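First comes the structure, then the notes that go with it.
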Amino acid sequence: MKNVSRELISELRTAEAEHRDVQAVFQLRLPDDSVVPEPAETERVAREVICRVSKETGAPPKRSNIFAPFGAFVVDASPRFIRRLLRQREIQSARSNQGPGKVAAGS
């Protein structure tokens, strides 16, 4: 079961209604007993997942940034793209990049 923050779920609903993008941070699933994936592995897996979802949705994210030392990446994309990312087996958890109480730009 993936750990998805309540803030992200709420933000996805609002963004869908307002036809705007969402910024979300994704934590990759940990390999075996690792604390975090190796940075090179994080880069490879994050790029692979983003590319796969881009093909599935027909559109790339507006922006993305990989935090290789932390086994995580952030994506600024449509709610459809974010929801598809959440379904990927490589994803362990996700949260809003806006943080609790913050309002997305343009809101």
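Look through the stretch 79-99, keep the residues that are within 20 Å of E18 (Cα to Cα) and outside any helix (DSSP H, G or I), and return whichever of them is modelled with the lowest pLDDT.
Among them, the one singled out is G99.
Only one of (1) out of contact with any helix residue (DSSP H, G or I) (no Cβ under 6 Å at 6 or more places or on another chain); (2) modelled with pLDDT of 95 or more; (3) surrounded by 14 or more Cβ atoms within 10 Å (Cβ to Cβ) fails for H19. Which number is that?
(3)
Looking only at the stretch 37-60, filter to residues that are touching a helix residue (DSSP H, G or I) at 6+ places or on another chain (Cβ under 6 Å) and either under 18 Å from S93 (Cβ atoms) or aromatic (F, W, Y) (or both); which one of those is surrounded by the fewest Cβ atoms within 10 Å (Cβ to Cβ)?
Applying the filter and picking the extreme gives T42.
Which of (1) surrounded by 16 or more Cβ atoms within 10 Å (Cβ to Cβ); (2) at negative phi; (3) modelled with pLDDT under 95 does G71 not meet, given it meets every other one?
(2)
Working only within the stretch 22-43, note down all residues that are farther than 18 Å from R83 by Cβ, of a type in the set (V, I, T) and at pLDDT 85 or above.
T42
Could you please find all residues in the stretch 26-63 being within 19 Å of L8 (Cβ to Cβ), aliphatic (A, V, I, L, M) and in a helix (DSSP H, G or I)?
Matches in the stretch 26-63: A46, V49, I50, V53.
The values are calculated or read from the model by the stated rules, or taken from the named source; none is laboratory data. Note that the structure is predicted; figures quoted are calculated from it, not measured. Because the Cβ atoms are built from the backbone with ideal geometry, glycine has one as well, and the counts that use them run over all protein chains shown.
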